[in-house]
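These notes are about the structure you will find just below.
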Amino acid sequence: MTATPRLVADLDVLERNIDAMASLGRDAGVALRPHVKTHKMPEIATMQRDAAAHGITVATIGEAEVFVDAGFDDVFIAYPLWVDDEAGRRLRALAERARIGVGCDSMTAARQLRKPLGSAVVEVLVELDSGQHRTGIPARDAGELAAGIASLGFDVRGVFTFPGHSYSPEGRAQSADDERAALAGASRALRAKGIEPHVRSGGSSPSMAFAARNGAGEGARAGMPGVASSSGSALTSLPGATSAVNDGAGPSTDVAPTEMRPGAYVFNDAQQWELGACAAGDIALTAHARVVSHSGGRLVLDAGSKTLAADKAPWASGHGRLLDHPDARIVQMSEHHGVVDMAGASLPALGSTVRVVPNHCCNAINLANAVDVVRNGTLVDTWAVAARGMNS
């Protein structure tokens, strides 16, 4: 009997998701720099690179170290880093081995970043607040900050934002519009200070189908790493993407996004499913859990928050879903128990296993040491979660 709970990745679906997003980027004329904090595994990042990703995104210096050690040489740390001497030493060591970019949203942080780096070359992108109201500055202030950062000797390559308000039932299209406006406004602000925004970076998995329509367009494709000309397709495999092609009627190519940084799309999860950003057939990561109790007529699984993570957005309908029972929801969760409302369906037998879709794949992955990989239901490999816990 195979131990449960455990995370399992469906390789067929994983490959299909990677290929679909690569096609979406090509058809929109937008380069992909996927966020690997979702999976934390060099094996999957290699698949993304093979599908024409022109670099990777990470959240921390620790994640960057893991992926540079694995041979990745173009890494953007999408975070407004605050570095002490030790973090600066690590960042300097990375910059000696790979092309490294970092985020920044204040002069105070930029000065702190400058101190320990010495002559190391680290590129900087100014972070914008495009509507999530987390980190980042208003687009109108980006030029002044970029000029200040450049005066410290940094190569300011452009701007980036994360439209995190896409994670709401009505937010996907609006967040893409907000992202486009922020990148455009900031690009103009940088040019007013004599700084060319070569990189205009955005993207979240829920908003990608809409953001792609705001892409760099045909005129920018030829010089964009990893982007080839394409005749364009509807990409109906991505819900909400009626056409990813920029036909020239969209925004000017000198302010439109040049790259996108989606992450969760490789696996998808209950959040993406519920938001309409994917269908059940696009779920590549599940937790295989065993039915351990029918107490009180309830279905109780051996997967709780220590396997599935505890994320539950205010709009989410449960703590997770069952892939093979779409109406079922995990309605109660503790560390090692998941209580399921089967929505009137019969209870799976005691001792049987079910496939649970976590609410948030990124956090579920960070709780696992390894992921079993299956193709056509047969185990073909086990991948270590190499960057698990690399949170600093």
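The values are calculated or read from the model by the stated rules, or taken from the named source; none is laboratory data. On a predicted model such as this, the values are computed, not experimentally measured, just so you know. As a convention, Cβ positions derive from the backbone with ideal geometry for all residues, glycine included, and neighbour counts pool all protein chains shown.
Checking each residue in segment 115-150 for being farther than 17 Å from residue 179 by Cα, modelled with pLDDT of 95 or more and among the charged types (D, E, K, R) picks out 123, 144.
Name the residue, out of 86, 65, that is more than 22 Å from residue 22 (Cα to Cα) and without any contact (Cβ under 8 Å) to a residue 24 or more places away in the chain. Of 86, 65, the one residue that is more than 22 Å from residue 22 (Cα to Cα) and without any contact (Cβ under 8 Å) to a residue 24 or more places away in the chain is 86. Taken over segment 174-184, residues that are touching a residue at least 60 places away in the same chain (Cβ under 8 Å) and either more than 28 Å from residue 269 (Cβ to Cβ) or small (Gly, Ala, Ser) (or both) amount to 1.
Take residue 102 and decide whether it is crowded, with 16+ Cβ neighbours inside 10 Å, among the β-branched types (Val, Ile, Thr) and within 22 Å of residue 385 (Cα to Cα).
Working: crowded, with 16+ Cβ neighbours inside 10 Å: yes; among the β-branched types (Val, Ile, Thr): yes; within 22 Å of residue 385 (Cα to Cα): no.
No, not satisfied.
For segment 356-373, the set of residues classified as within 11 Å of residue 319 (Cβ to Cβ) and either touching a His at 6+ places or on another chain (Cβ under 7 Å) or free of Cβ contacts under 8 Å to residues at least 40 places away in the same chain (or both) consists of 359 only.
Could you identify the single residue in 189, 176, 146, 150 that is buried (at least 23 other Cβ atoms within 10 Å of the Cβ), assigned by TED's automatic domain parsing to the domain that holds residue 206, assigned to a helix (DSSP H, G or I) and in contact with a strand residue (DSSP E or B) (Cβ under 6 Å, 6 or more places away or on another chain)? Explain how you work it out, then say what you get.
On the way: 189 fails: in contact with a strand residue (DSSP E or B) (Cβ under 6 Å, 6 or more places away or on another chain); 176 fails: in contact with a strand residue (DSSP E or B) (Cβ under 6 Å, 6 or more places away or on another chain); 150 fails: buried (at least 23 other Cβ atoms within 10 Å of the Cβ).
Of 189, 176, 146, 150, the one residue that is buried (at least 23 other Cβ atoms within 10 Å of the Cβ), assigned by TED's automatic domain parsing to the domain that holds residue 206, assigned to a helix (DSSP H, G or I) and in contact with a strand residue (DSSP E or B) (Cβ under 6 Å, 6 or more places away or on another chain) is 146.
Contact list please: Cβ distance under 7 Å, first residue in segment 324-350 and assigned by TED's automatic domain parsing to the domain that holds residue 308, second residue acidic (Asp, Glu) and not in a strand (DSSP E or B), pairs at least six apart or on different chains. That search, which allows pairs on different chains as well, returns 336/302. Checked against the criterion of being modelled with pLDDT of 95 or more, assigned to a loop (DSSP other than H, G, I, E, B) and either among the polar types (S, T, N, Q) or not assigned by TED's automatic domain parsing to the domain that holds residue 128 (or both), segment 79-94 contains not a single residue that satisfies it. Restricting 283, 330 to residues that are out of contact with any His (no Cβ under 9 Å at 6 or more places or on another chain) and surrounded by 23 or more Cβ atoms within 10 Å (Cβ to Cβ) narrows the list to 283. For segment 351-392, enumerate the residues that are more than 20 Å from residue 307 (Cα to Cα) and not in a strand (DSSP E or B). Once the filter is applied, which keeps residues that are more than 20 Å from residue 307 (Cα to Cα) and not in a strand (DSSP E or B), segment 351-392 yields 376, 377, 392.
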